[in-house]
Every structure is written in C-alpha cells, then in structure tokens.
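These notes concern the structure reproduced below.
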Amino acid sequence: MSLVPLPSVLLLACAWLALGVIGLARARSLTLVAKVLFPAGAAIGLAVAAVALMAIASPPTETVLPLGLPDLPFHFRLDSLSAFFLAILGLVSAGVSTFAAGYLRKGEGTPPGLQCLYYHVFLASMALVLVADDAYAFMVMWETMALSSFFLVTSDHRIAEIRRAGYLYLLIAHIGALSILLCFGVLQGGTGDYTFANMRAQSLPPFWATIGFLLALLGFGAKAGILPLHVWLPEAHPAAPSPVSALMSAVMLKTAVYGLLRVTFDLLHAQVWWWGVLALAIGLATALFGVVFSAVQSDMKRLLAYSSIENIGFIVVGFGLTVTFQAYEMRSLAALALTATLYHCLNHAYFKSLLFLATGSVLHATKERALGKLGGLIHKMPWVAWLALVGALAIAGLPPLNGFVSEWLLLQAFLFTPGLPDGYLNMFIPVAAAAVALAAALSGYVMVKFYGVIFLGQPREERLTEAHDAGPWERVGLVWLAAGCVTLGVVPVQVISLIDHVTGPLVGRTLAETATGSWLLLAPIETDRASYSPLVVLLGIVVATFAVWFAVRRVYHGRVRRAPAWDCGFPLQTPRMQDTAEGFGMPVRHVFEPFFRMTRELPSPFDRAPRYRVIVEDHLWHWCYLPVARWVERLTAIVAVLQRGRISVYLTYSFVTLLLLLLFVR
Amino acid sequence: MITAAFANQIINLFAAVMLLLAFAMLAQRRVLSLIDLFAMQGLVLTLSTGFVAYTTGQTHLWFSAGITFALKVVLLPWILYRLIRQLDVKWDVEGLINIPTTMLIGIVLVILSFNVALPISQIAGTITKGTLGIALASVLLAFLMMITRSKAVPQVIGFLAMENGLFFAATAATYGMPMVVELGIALDVLVGVVILGVFFFQIRERFDSLDIRHLEKLKEE
Amino acid sequence: MISWSGVVAQVTELALAVLLAPLLTGWVNQCRAWLQNKSGPGLLRPYRTIRKLFAKDAVIATNASAVFRTAPYVVFACMLVAAAIVPTLATDLPFSIAADAIALVGIFALARVFISLAAMDVGTAFGSLGARREMMIGFLAEPALLMVLFTASLISQSTSLATTVERLARMEFAIFPSLAFAGVAFTMVSLAENARIPVDNPATHLELTMIHEAMVLEYSARHLALIEWAASLKLFVYSCIGISIFFPFGISQGGDPLGFAYALPALVFKLAVGGALLAVIETVSAKMRIFRAPEFLGTAFMLAVLALLIHALLET
C-alpha cells in the first residue's frame, strides 16, 4: 500500500485538532458536537489504530516539519514502539469517543464545544508525544497534553474540590515535566543537540546515565503515578468526566510508560542492574499500595483510580525485571518480561477504560458516585452491568480474559529466573513474585467489592429504581471495549506476535525465537515448561457450563419458585443491612492496618442517631507532602517580605537589578 | 553404605526441618505448644547429630547426641512444663508485632544469614552450602522470638532455641565441638534455666505477673 | 500429537473425579464422626443429599438476578476444568497443556469470584458477609497456593502440573527440603480453601463463624446440589494436588494400561489416608475466630515463600 504511515499519523492528529476547532466554533450546539464530532473523532481513532498496526511491522520512518521556533524544527519518527502505543491510543479512544457521543449532556460545567476542543487537543497531543523525535517537540506536546487534560479535569470548575484536584494534578505534572526536561539535558551529553537521534548516538558514562535514568523515572513516574508521586491520581481521576478519566487512565498513563521505555531502552544504552531492581521495588510498592487502598475506597471512581495505580505498579515491575535481565544479558527473559509489560499496558487500557465508562453510565443514571448509595443496578441497567462484569473479571486477572494473560507472562518471567549472578537478588526475586501474586489476588477482592456493591444486591436508595440503562452510543462504546478484553484474552499468541515487533528492536530478542506453541497455544519458552491456551480454557468452561446445565435440565423438571430471600430466617430485611463499601473493605483495613492512617468516629451506646465514620488517609501525604508544603510556605513567608504593594518599591527592585546587571556585564 | 550426596541431602532435610520449627515457634502463641516445638527441635538435633555420628564414625558425637536427647528432649521440657504448671501461665501470649509481620522479618533474616554464611561455608568445604546459613538463621530467628515476646517463659524458650541453632551449626557444619566444650555448654544451659526459673518466681512475687514489660518500672526515673 | 491413551486417561480421570468426589466428602465426615465417638451418617450420605436436592423445586429470592442462577453452573464447570488439569491417575493428559498451575489457581479464583458475586446478588446481610469473608480468605490463600505450586514448578522446571508430577515421580530418590515447607503451607491453605476447621466449619450455621455456608444460604434444590457437589469436587481436586505433588509415587506415566490398573488402587489408598488425616486435623483443632484466619493464612503464605527461598538456597 502506498499509504505512508508517519504523515498519515500527523494528518490524523491534525484532523483531531480540526474537530476541536469546529467544536469551538459552534460551542453551544450539543447535537453537532455529540452526534457528529465525537463519532468522527472515534473514526479517526480507528484510522490511527489501523495505521499504527500497519506501521508496527515496518521499519522506522522519520520526517522533519519546519514548525515551532525558527532554528528548532519538529522532528517526528514512527517506529514500532511508537506504533504500539499509538495503536493503544487509537483503539481505546475509538471506544471512548463513541461512548462520549452519548454521554455529553447540557449544563455540566464547561460547554460541550469547549470540551470537544480540549478532548481532541488532548488526543492529538498524545498522538504527537508518541511520534516526537526531539526533546523540544516532545516537551511541547507533553505540556499540551498536561494542560488540555488539566482543563478536562476541571470541566466542572464550579466545585472547589475539583479545582483543588486540578491544581494538584498540574503541580505534580510540572514537577514531572521539569524532571523530564533535565533528563533530556543529561541525555544530550553536552552536544547541545536535542534530537533523539543524537541522544541515541551518545554513549554516556555510567554516572551520567544513572542520573538520566533516575530523572526519567521521576519525571515519567510522576505522570504514571508511581509511589510516592501518586497523590494526584485519586484526586484527578474522579474529578474528571468519565470519558476523560477513561482516557487519562487508559492512555495518558501509558504515554509515561512509553517515555520510560523510550529513554531506558532506546536512548540510554548502558544499563545497570540495580536500575531494574529499583524500578522493581518501586513497582511492587506501588502495586501493593494501590490495591490495598482501592479495597477501602467508598467512591467508585476513586476505587478505580487506585486500581490504576496498582496496574501501573505491575507495569513498572515488568519494566524493572526487563532492565535487570537486560543488564545481565539474559535477552530471552528480557523479551518475556517486556512482552508482559507491553501486554499489560494494552490490557489495562482496555479494561480500565471500560470500567471508567461503566461508572460514567452509573453516574448519569443515578447521579451518585458513593458506593454506599448504589446497589442492585443489574436489574435496571443490564447492558452496563454485564459489560462491566467482563471488565471486572478481566481486571481481577481471571482466566480466560485478558488480565490473566499478562499476569501469567509476568509470573513466568519471575519463575524462570535461572540463577541471577547476585545472591541477594536471587532471593529477592521469589519474594517479589509472592508480592505480585498477593497484589493480583487482592485485585480480585477489589473487583468483587466494586461489582457487587454497585450492580448486585438490593438498591440502597429509593431513587435507584428510576435508573435507566445506557443509550445506544454508550452501549456501542462499552461493547467495543469489552470485546477487546475478551479478544485480547483469547488470542494472546497473535497479539504477542505483534508485540514481538516492539521487543525485537528494544531488547534484541523476541519471544517468537524461543516460543514453541502454535496459533492456539501460548508457550513462551517451551511447551514442556509452561503453556496456556485461553481459547481451550474458555471453551472448556463454556462447554462444561452448558453440559452441566443441559444434564441438569434432562434429569430434572426445572421448576422454579420465587420467594422473598430467606436470610437464615431473619424477619426484618432492609437494603441497608447489606454490606456497605466500608464494610466490605473492613477485612483489608484490618489486615493491612499499618498501611493506613485512619481516624474513626465511633458512636456511644446512648446515641440517639448513632453514626460510624472512618476516614482512611494516606501516610505518604502526611509524611512527604505536608512537610514540603509547610516548608515552602515558610520560605514564601520570607520572600513575602519583599512584597510591599507599592509601585515605587517594585520599581526600585527593577532599578537595582538593572544596575547590578550592568555592573556584572561590565 | 551411604553415599556422600545422599548424606548431604539428609543433613539438608534436617536443616530445613530445624528452620521450619524455628518459624513454627515464631508463629506459635501458646506456651505449651512452644515447649513441644522446642522439644521437637531437640529431637531433630539429636537425630542429626546421630546421623553425623553414623556417617563420619566419630564416637564422641554419639555421646553428644545422647546428651542432647536427655537434656533438650526430656529434661528441659519437663522443667519448663513444671514451671508453667507452678506459675500457672499457660494461656496464649500476644506478641508485640503480629505474626505475619514477624515472619516477614524472619524471611529477611533468612536471606541475610544465608548471604553472610555463604563465604564461610565456601571456605569450610566439609558441609553442604546452606547448612551453616540455616543454623545462623535459626539463631537469629530465636533471637527475634525473644524480642517479640513480652512474657518471660517464651523468652527463655527463645534463649534455649538459640542454643539449639548454635549446636546445630557445630555438629552439621564442623562435625561437633570438643567433648569438654559440649559438656560445659550443656551444663551452662541447665544452670541457666534453673536460675531463670528462680527468677520467674521472683518476678511474679514482685509484680504478680510474668509480663516483662513491668521490668520497665525498675529503671531510674 | 494427542494420543488415544491420553484421551482415555483424561476421560476416566474426569469421570472418576466427578463420581468419587462426594465419596471422599462422605469418608471425611465418617472419619470425623468415628473420632468423635459418633456413629456417623454413612459413606454415601453426600450422594443421597445430592439426589434429594435435585428432586426438589428450586426457590429463588425475588430480587435475584441471572448472576445468581448461573453461578452454580459456572462454579461447577470451573471445578470440572480444574479436575481435568490435575493429574490423578496418569500424567499423560491432553487437556493439561492448555492450562498450567497458574491457570489452575486462576480457575479456582474465577469460581470464588462467581460464588461471592452470587452471594452478594440477593442482597442479604449474611450473603454479603459471607462474600466478604470468602474473598478475605481468598486473597491470602490464592498467592500462598501459587507459591506452593511454584516451588514444585521450580524443582521440576515446568509450570505444567502434569509435567511437574511426571518429573517428580520419575526423579531418582532425592529429598527436597523445600517441599517440606511447601507441604505445611499447602495443608494450611487447603484447610482454608475447603472451608474446614480451623478456618471455617462445614457443619455450622452459626452466623458468627460461617463463611462458605453464609454465601450459599439462599440456594436451594438443584443449585444447592451443584454447589455441594462442586465443594466436594474442590476438596477432591485439592487432595489430588497434594497427593500428586508430595506423594506422586504410583501414578501412571505415559499411556500404559498396566500402570493405570496400579494407579487406581494407589490413588484410592492415598485419598483414604488423606481424608482420615483431614478428619484428625479437624477433630484436634478448634475453630479460630475470624480475624485469626488472616494470620493463619499469612503464616501459610510466608511458609510458601520460604519454600521458594529454601529451594533457591539449598537445592540449586
């Protein structure tokens, strides 16, 4: 085909921008924005995905555009790594945009046209971040992405809490951006040439390479939400409208992973084993922290946001493992770990956006975000409920859906670590595998809580009976994402053969070289060693279910009687007697008590209206952030002395500065 | 005759059981079960000493196996049982740290002791790689148990378990200490327990409890 | 590549598991009764219960959704698939290459999630309480089980259960201290997973203590029969995992019919001993209060991790 991938991607990004501009021109027209522009955006997303999937197997292409500052043109490059993440962006945004077409309402903060602008600028900037090939273009796009998402987060800007969340997000995004900028400064190696091509050509001494890596970890980690830079995530995700939360969680966090992979494997060649161990340790801490906190949340979007932290933790664990293997020249294991990492990026993009969109539908149907006031929605919203079940099972890492595949690959990478040369490291690996398994099992707990409390049981509030199911646009979006979860779970071999195009250039080995499976059987090393065939498992479960059902029907009459719930004969049953979100999280609060900073408010036995309250907070907030904030405040108090509020004083400052500068250059 | 490789495997198995018992003691709340576990550890020690005696043909190890059995499987548990009956302290003891956390620290200790012991066992050559590490780990775990318990009896058991670890290191790693040293240590342990037993009565008379947190009051204000 | 003898072995094994599982439950109950000086309900009691339940009319709570009605089938199907993976008689199982030890743990988790969701579906206090407790047991037991299986996998260099068992059975006499740790951890995990004393009491309906029973309170008739049967199957599968990893002797390797004839009595004997031991454990230990259970399982988890460590230290 004569279609050239890179220009098409640039054109498609421009098309997204154009949609945004059209939206801005007709800012008040909901029909145009919702029924034309967003579906068009979805189509563009599909096109991006198609181009990216074509480009993933082809050699890198480059181009230079004379945009920006006179002497600093934008360099763009599309290689397999960019293409892979572009494919995630395209595929997921297609579903999210379709959903958004049905989701937009009048009178929710920012007018629809403006939202359309931010939304499409956000999409376009993410696409351009992924193809940027010099630090300048990268930073411009990165900042555009941060700003447009900030405006999206604060689209309900009348609520003070949301403004606060947006502020926190912007703050940490900028700390991260600063760190990335410094990282590029280190990477260019004193040549003053900020193209990635030049950085690739540099071979930095280990000390500077380490500095560069640490800066990248900090900078991209702030965007991805690794510990302890995660605090913005549970604030910003719930504040944003659901399609935006979905995009942020599914794609924006992945751009940070992209950056990390780009810097570590593509731009920095010298790799030190302890980089990997550091990332591994941080990843484990992040995963455990995220899942434990998500188990105690009582706001459904916050719960999902913490679950995103957990999944980023898994991804960083895989990344760390890859770096360690790579540093020890164990290339096939590095390929395995990297495949697990990339696969999990893809999976997380799918199921997390699915669940965020489902919460969006619930939110619109019930006007309620607190888990404690939902319940029983499966009867009123069957579409959303059943599709969300797919997402919940997938994120819980259950076979035969997609979450399980990446967990399986990751555990395999852990398991077949044959004698790393370092004694301590060798023993750390099993412990790390155990922690991964624990976090994965906990995510099952979280998802039962999430799903059970929202969709199952009896409605906890009167007005939930008036809830309505999602509209057709929303259903299409949800079905698209749920289908992705199933497909990715069932045909891992085909997906991995795509991912192989990415792992090859990055770690110099692909799984295809060692794999022995067939199209049906995933066997990354040897069939003897480990194999998994999700399609057969799925068929096994489905066939067994139907066989049992059929057999039971044959031998048995099948009569069913409906009656009120028995509940061990308890006479009084009200919906309020079901477990609340707090109640369901209680075992986790109990078992992992040291993780939390809890304040409890217990009623006394004589209270007329007894009230139990528990506030669960993050230790890190009190240990890391508040001291820094206090310190900054103290510092600014000193600087504030300079603020006199009189023009003449300020003029004096300028005057003195001018004099000093004149003396200095003399 | 037993091959060297097979002997190594058996010694490794004993070592693993020692470690398992050390962890079991760490996880055990009940004082009486703690004594049982201690006696079992003594039994394992006896068996492993006997096994080393059999494979190396060193007669004095037979004696030390006998002493171990008499002292650690019969005499000390009996004394401890009697003490507990007389003091009436057989209820559960809550640790200062919860059990899984204690075990997590224990795992870290195991990793640490293996890496510490690695160079030594490479020099020694007589033994399998991990035995010394496990012996050291048992000592450290017993120490940890002493730290995390707030009652006097479990602490004494921890002290005795520490000696078990040392003894295991001596037999499994270096095929035993000189007889005189061994007898001396055995006597020390016995005397130690007797003195501590007297101590218990003193503590209880003073505070009406064996909770050693009361001893904090004794410091100068 | 798939041999006929393999298919035969697979089908026989599956049929055996389905048919024998209630017998094992009956045997454990009978042993327990004997140990407690009772006469016991008889070995075939579970079969009669299942038959009786199948003949009844199902009563379903008014606000139960389809999740509630499908869950018993899904749970039973999951247990069937699990039973198909675990080698009991022979190691030449065609289905076992489709799912390895990690997938086995995943399938158990799938069943657990479904039954918990079903318990929450009716929206009663007991249902959600049971679901919460079950998931609490689950999130600690699951990784512990995984670590136990990993220990065996590391020894045999394969995560496929059939291959693992085959290699373990074929190894010339070698002692693996790590398996001692794994064995203890596995015993603890299986007690918790199969709702036995000291974690849960299969014979209670006392609200403060029950876990599994609280979840299935609302089920009746055929649904309950399936759930009971699935619970028996789970016990059977867990016993078989334990037997095949820790005592693989006598299992038939490859498709030789003579080995098969020898493997069946060996399996029955091992199961009988295992069931009796389970009854002994249940008789001599007391039920823990619910928040001792995480500690119990945490201990099991740590032991399983230690098993992995011991393997890395002593056996490489």
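Per-residue answers, yes or no, for (1) more than 9 Å from chain A (Cβ to nearest Cβ); (2) surrounded by fewer than 17 Cβ atoms within 10 Å (Cβ to Cβ); (3) among the acidic types (Asp, Glu); (4) under 22 Å from the mean Cα position of the chain (by Cα):
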| position | (1), (2), (3), (4) |
| --- | --- |
| C:Lys38 | yes, yes, no, no |
| C:Pro41 | yes, yes, no, no |
| C:Tyr47 | yes, no, no, yes |
| C:Ile50 | yes, no, no, yes |
| C:Leu53 | yes, no, no, no |
| C:Asn63 | no, no, no, no |
| C:Val67 | no, no, no, no |
| C:Val74 | no, no, no, yes |
| C:Cys78 | no, no, no, yes |
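For segment A:585-608, the set of residues classified as within 25 Å of the chain's Cα centre (by Cα) and in a helix (DSSP H, G or I) consists of A:Gly585, A:Val588, A:Arg589, A:Phe595, listed by residue number. Filtered by the rule that a residue be in a helix (DSSP H, G or I), hydrophobic (A, V, I, L, M, F, W, C) and within 8 Å of chain C (Cβ to nearest Cβ), segment A:448-473 gives A:Val448, A:Val453.
Determine, yes or no, whether C:Ala58 is in contact with a strand residue (DSSP E or B) (Cβ under 6 Å, 6 or more places away or on another chain) and more than 13 Å from chain A (Cβ to nearest Cβ). Talk me through it step by step, then tell me what you get.
Details: in contact with a strand residue (DSSP E or B) (Cβ under 6 Å, 6 or more places away or on another chain): yes; more than 13 Å from chain A (Cβ to nearest Cβ): no.
Taking the combined requirement at face value, the residue does not satisfy it.
A count restricted to segment B:129-149 and to residues that are outside any helix (DSSP H, G or I) and either more than 14 Å from chain C (Cβ to nearest Cβ) or more than 11 Å from B:Ala172 (Cβ to Cβ) (or both) stands at 2. Restricting attention to segment C:1-35, the residues being more than 17 Å from C:Arg196 (Cβ to Cβ), at pLDDT 85 or above, out of contact with any helix residue (DSSP H, G or I) (no Cβ under 6 Å at 6 or more places or on another chain) and among the small types (Gly, Ala, Ser) number 1. Does A:Gly397 count as touching a Lys or Arg at 6+ places or on another chain (Cβ under 9 Å) and surrounded by 24 or more Cβ atoms within 10 Å (Cβ to Cβ)? Spelling it out, it is not the case that A:Gly397 is touching a Lys or Arg at 6+ places or on another chain (Cβ under 9 Å) and surrounded by 24 or more Cβ atoms within 10 Å (Cβ to Cβ). Consider segment C:1-46. How many of its residues are in contact with a Pro (Cβ under 9 Å, 6 or more places away or on another chain) and polar (S, T, N, Q)? Total meeting the criteria: 6. Filter segment C:272-316 down to residues that are within 30 Å of C:Trp34 (Cα to Cα) and out of contact with any helix residue (DSSP H, G or I) (no Cβ under 8 Å at 6 or more places or on another chain) and give me whichever is farthest from the other protein chains (Cβ to nearest Cβ). Out of the qualifying residues, it is C:Val273.
When you look at A:Ala435, is it of a type in the set (A, V, I, L, M) and touching a residue at least 60 places away in the same chain (Cβ under 8 Å), yes or no?
yes
Scanning segment A:545-569 for residues being more than 7 Å from chain C (Cβ to nearest Cβ) and either modelled with pLDDT under 80 or in contact with a Cys (Cβ under 6 Å, 6 or more places away or on another chain) (or both) gives a total of 3. Identify, please: which residue in segment A:3-50 is touching a strand residue (DSSP E or B) at 6+ places or on another chain (Cβ under 9 Å) and either at pLDDT 85 or above or in a helix (DSSP H, G or I) (or both) and is, among those, surrounded by the most Cβ atoms within 10 Å (Cβ to Cβ)? Checked segment A:3-50; the qualifying residue surrounded by the most Cβ atoms within 10 Å (Cβ to Cβ) is A:Val9.
Check segment A:530-544 and report whether any residue there is aromatic (Phe, Trp, Tyr), modelled with pLDDT of 80 or more, out of contact with any Phe, Trp or Tyr (no Cβ under 7 Å at 6 or more places or on another chain) and outside any loop (DSSP other than H, G, I, E, B).
no
When A:Gly360, A:Gly403 are checked against the criterion of being away from chain C (no Cβ under 12 Å), of a type in the set (Gly, Ala, Ser), buried (at least 24 other Cβ atoms within 10 Å of the Cβ) and assigned to a helix (DSSP H, G or I), a single residue qualifies: A:Gly360.
Yes or no, residue by residue, for (1) of a type outside the set (S, T, N, Q); (2) in contact with a strand residue (DSSP E or B) (Cβ under 9 Å, 6 or more places away or on another chain); (3) modelled with pLDDT of 90 or more:
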| position | (1), (2), (3) |
| --- | --- |
| A:Tyr169 | yes, no, yes |
| A:Ile172 | yes, no, yes |
| A:Cys183 | yes, no, yes |
| A:Leu187 | yes, no, no |
| A:Gly192 | yes, no, no |
| A:Ala201 | yes, no, no |
| A:Pro206 | yes, no, no |
| A:Thr210 | no, no, yes |
| A:Leu217 | yes, no, yes |
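If the condition is being over 25 Å from A:Ala433 (Cα atoms) and touching an Asp or Glu at 6+ places or on another chain (Cβ under 8 Å), then segment C:93-114 contributes only C:Leu93. Looking across A:Val291, A:Val272, A:Val277, one residue alone is over 19 Å from A:Leu170 (Cα atoms) and surrounded by 24 or more Cβ atoms within 10 Å (Cβ to Cβ). It is A:Val291.
Residue pairs whose Cβ atoms lie under 7 Å apart, separated by 6 or more positions or on different chains, with the first residue in segment C:43-56 and without any contact (Cβ under 8 Å) to a residue 40 or more places away in the chain and the second not polar (S, T, N, Q), are C:Leu43/C:Leu23; C:Leu43/C:Gly26; C:Leu43/C:Trp27; C:Leu44/C:Gly26; C:Arg45/C:Gly26; C:Tyr47/C:Pro22. Among the residues of segment C:149-179, those that are more than 14 Å from chain B (Cβ to nearest Cβ) and aliphatic (A, V, I, L, M) comprise C:Leu149, C:Ala152, C:Leu154, C:Leu161, C:Ala162, C:Val165, C:Leu168, C:Ala169. Residues in segment A:484-525 that are closer than 21 Å to A:Pro400 by Cα, out of contact with any Leu (no Cβ under 9 Å at 6 or more places or on another chain) and surrounded by fewer than 17 Cβ atoms within 10 Å (Cβ to Cβ): 5 in all. Every test in (1) at the interface with chain C (Cβ under 7 Å from one of its Cβ atoms); (2) of a type in the set (Phe, Trp, Tyr); (3) over 21 Å from C:Ile107 (Cβ atoms) is passed by A:Tyr445 save one, and that test is (3). Within segment A:518-544, residues that are more than 7 Å from chain C (Cβ to nearest Cβ) have Cβ atoms under 9 Å from residues that are charged (D, E, K, R) in these pairs: A:Ala523/A:Arg529, counting only partners at least 6 apart in sequence or on another chain.
Scoring C:Leu224 on the criteria (1) crowded, with 24+ Cβ neighbours inside 10 Å; (2) more than 9 Å from every other protein chain (Cβ to nearest Cβ); (3) in contact with a helix residue (DSSP H, G or I) (Cβ under 6 Å, 6 or more places away or on another chain) leaves a single failure, condition (1).
Checked against (1) surrounded by 22 or more Cβ atoms within 10 Å (Cβ to Cβ); (2) within 14 Å of chain A (Cβ to nearest Cβ); (3) free of Cβ contacts under 8 Å to residues at least 60 places away in the same chain, C:Ser116 passes all but condition (3).
The values are calculated or read from the model by the stated rules, or taken from the named source; none is laboratory data. Keep in mind it's a predicted model, so treat the numbers as computed, not measured. Here Cβ is always computed from backbone atoms with ideal geometry, including for glycine, and neighbour counts include all displayed protein chains.
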